[in-house]
Amino acid sequence: MTKIRTRIAPSPTGFLHLGTARTALYSWAFARHHGGEFVLRIEDTDVARSTGESVQQILDAMHWLGLDYDEGPVFQMHRLARYHDVAERLIAAGAAYRCWCTPQELDAMREVQRARGEKTRYDGRWRPAPGKVLPAPPAGVQPVVRFANPPGGEVRWNDLVKGPIAISNEEIDDLIILRPAPPGSEGDAAAFGVPTYNFAVVVDDMDMRITHVYRGDEHINNTPWQINLWRAIAASGGGGGAELPQYGHCPIILGEDGLKLSKRRGAVSVMAYQEAGYLPEAMLNYLARLGWSHGDDELFSREQMVQWFDGSHLARSPAQWDPAKLAWVNAHYLKQADDARLATLLAAEFARRGVPGTGDAALLARAAALFKDRCSTVVEIADWVAMLFVAVQPSAEDVAAHVTEAVRPGLRMLREKLASLSGWDKAAIAQAMKETLAAHRLKMPQLAPAVRVLVCGRAQTPSIDAVLALFPRDTVLRRLAAA
Ligand code: GLU
């Protein structure tokens, strides 16, 4: 049986987009489910827009999500000789040809077509045909290579997500497969030229023996080209016997407003969610459900997903990004997260914020344990825990409402008792509060909010004795002295 091989092929022209992360996840889970292999390919042939920084961001995001790959990263710009070789084969087989049209000529061609109300397309002027006399190649123009798309008939495939699709070859242009490298290029690019997306993708999927391609449905219109190219390369003997992969096109992700999720409407980069305090397992769980289902299951582990993901139950219609649901999923995983791990994440968040004095990992772990149940993100936990390290500013309303004349004497006594405690822990603090309440005939709902407002800067917190025990004692005494 053929080994299942999938890939994700991001272009390093920006961050790893949520949509790409989702198809990466599906490709990864499908390969893992079948005991197959998953490949990372960097499609860096858009020389002007590809950057090393973006490659790094993609690698970081894959690593963060735990989408491990068996091969790669493979860089297309390292494979230029191979694309050139395949293009030459296609030319020799009559399935591709050189075209010397200048950009100006192509513009003029489209202009005429538009004026006639026709669809703009390459008019085939350099495409060889029996009995056709081609113009003499102009001097000083570097030709591109175009694929001679088969005339007539249609391209069909059974899409893994959308079902049967058929597109008429009449709709399909003779696309450029290889361009001369931009002026000033050196090395392989200068020698071999640079392939276009549709061409490189086919040669690579072939050479990498990819069996299943999951990608965004913005690529549906590219698939007929790719299938035709694939067949032509195979016929030319350049495909090494690889079989056409199966294609699955996942619908786009919509933003909350029902429009395509885009930068302008909130974060679309995976790593922005890391910074916002989401856990990778929550991200994976949420992304997986966004376009795929397993019964009514909403929460599942990476292992369960691998066990369940056989390529069925992929949604045909677009899913909507739902920040509230993502927060809910993240809150679930935060509750389960190990406190030592949360301590590390908190330390990183405080480092980002430039909060000093946060190096006590054991303290951060205790704090995380106390606050994680009421938070949706690590950033929210950090917002709580920050009160241990930076001055708090209670609102005037909270002070007026809670730090009243009736409580002040109690606050003074509590401060004295806390100052003279022999040990600084939750039980001792609770005892000091109890004694204070009795001595001043106060109730806990009077004393506790006043202490919270002064020490924590807000009137509600988890159990006050546990919260106070997290602080250095002198911080508590100093803040209580402000009463
Ligand atoms: N580089 C393409 C993209 O990022 C890959 C598409 C594909 O998977 O074929 O959209």
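The values are calculated or read from the model by the stated rules, or taken from the named source; none is laboratory data. Source: prediction; values computed, not measured. No Cβ is skipped: glycine too gets one built from the backbone with ideal geometry, and neighbour counts run over all protein chains shown. When the accessible area is computed, the model is the full protein with side chains, heavy atoms only, and any ligands, DNA or RNA have been set aside. Shrake-Rupley method; radii C 1.70, N 1.55, O 1.52, S 1.80 Å.
Observations on the model:
- Dipole magnitude (debye, nearest 20) for region 304-384, charges at Cβ of Lys, Arg, Asp, Glu: 100 debye
- As a length-normalised measure over Cα pairs under 8 Å and 6 or more apart, the relative contact order of region 344-430 settles at 24 percent.
- Percent carbon-and-sulfur accessible area, region 354-483, ignoring ligands, DNA and RNA, probe 1.4 Å: 53 percent
- Rounded to the nearest 20, the Cβ-based charge dipole of region 389-483 about its Cα centre (Lys and Arg +1, Asp and Glu -1) stands at 100 debye.
- A probe of 1.4 angstrom, applied to the heavy atoms of all protein chains, finds E243 with accessible area near 150 square angstrom.
- Per the Debye formula on identical point scatterers at the alpha carbon atoms of region 312-441, with no solvent, log10 I(q)/I(0) at q = 0.16, 0.18, 0.19, 0.22 Å⁻¹ is -1.01, -1.10, -1.13, -1.18.
- With all protein chains modelled, accessible area of D383 [1.4 Å, Å²]: 80 Å²
- Ordered from highest to lowest accessible area with the whole protein assembly present and a 1.4 Å probe, R353, R7, R412 read as R412, R353, R7.
- 3J(HN,Hα) along region 406-419, derived from phi through the Karplus expression 6.51 cos²θ - 1.76 cosθ + 1.60 where θ = phi - 60°, amounts to 5, 8, 3, x, x, 4, 5, 5, 4, 4, 5, 4, 5, 5 Hz, with x in place of Gly and Pro.
- Rh by Kirkwood over Cα pairs, then Stokes-Einstein D for region 131-234 at 1.002 mPa s and 20 °C, µm²/s: 136 µm²/s
- Normalised by residue number, the volume inside the convex hull of the Cα atoms of region 435-483 is 80 Å³ per residue.
- Within the chain: Cβ-based charge dipole about Cα centre, in debye rounded to nearest 20 (Lys, Arg +1; Asp, Glu -1): 980 debye
- Normalised alpha carbon radius of gyration of region 279-353 [divisor 2.2 N^0.38 Å]: 1.28
- Relative to the longest principal axis of the Cα atoms of the chain, helix 280-289 runs at roughly 60 degrees.
- Converting phi to 3J(HN,Hα) with the Karplus coefficients 6.51, -1.76 and 1.60 and the offset θ = phi - 60°, region 234-245 yields 4, 5, 7, x, x, x, x, x, 5, 8, 4, x Hz in sequence order, with x at every glycine or proline.
- Rounded if a/c under 1.5, otherwise prolate or oblate - region 41-112, Cα gyration tensor axes: oblate
- Of all DSSP beta bridges in the chain, antiparallel share, percent nearest 5: 55 percent
- Legend: residue pairs K162/K260; K335/K417; K3/K260; K325/K426; K119/K162, Cα-Cα distance threshold 30 Å; pairs beyond threshold, K335/K417; K3/K260; K325/K426.
- Whether region 177-273 is rounded, prolate or oblate, judged on the alpha carbon gyration tensor where a/c under 1.5 counts as rounded: oblate
- Computed from Cα positions, the angle between helix 18-33 and the longest principal axis of the chain comes to roughly 80 degrees.
- The angle between the Cα long axis of helix 426-440 and the main principal axis of the chain comes to about 50°, on a 0 to 90 degree scale.
- Accessible carbon and sulfur surface of region 1-127 relative to its total accessible area, %, 1.4 Å: 50 percent
- Debye log10 I(q)/I(0) for region 59-213, one point scatterer per Cα, at q = 0.19, 0.21 Å⁻¹: -1.34, -1.44
- Cross-link reach list, aspartates and glutamates versus K372, counting only Cα pairs under 12 Å and skipping chain neighbours closer than eight places: D338, D339, E380, D383
- One Cα centroid belongs to region 372-422, the other to region 217-263; the line between them spans 58 Å.
- Each of P128, P183, A93 was scored by the projection of its Cα onto the charge dipole of region 71-193, and the greatest displacement toward the positive side belongs to P128; charges sit on the C-beta of Lys, Arg, Asp and Glu.
- The chain, accessible area per residue, ligands and nucleic acids excluded (1.4 Å, Å²): 46 Å²
- Dipole of the chain, positive end: most advanced residue of S422, A61, W28 [Cβ charges, Cα centre]: S422
- Projecting the Cα atoms of L346, Q393, F371 onto the charge dipole of the chain (Cβ charges, centred on the Cα centre) puts Q393 farthest toward the positive pole.
- Taking the centroid of alpha carbons for each part, region 1-43 and region 71-89 are 19 Å apart.
- Secondary-structure-derived ellipticity at 222 nm for the chain, considering helices only, amounts to -14000 deg cm²/dmol, per-run term -39500 (n - 2.57) for DSSP H runs with n ≥ 4.
- Counting only the Cα atoms, the chain fills a convex hull of 198 Å³ per residue.
- Normalised by the number of residues in region 378-483, the mean separation of alpha-carbon contacts (under 8 Å, six or more apart) gives a relative contact order of 39 percent.
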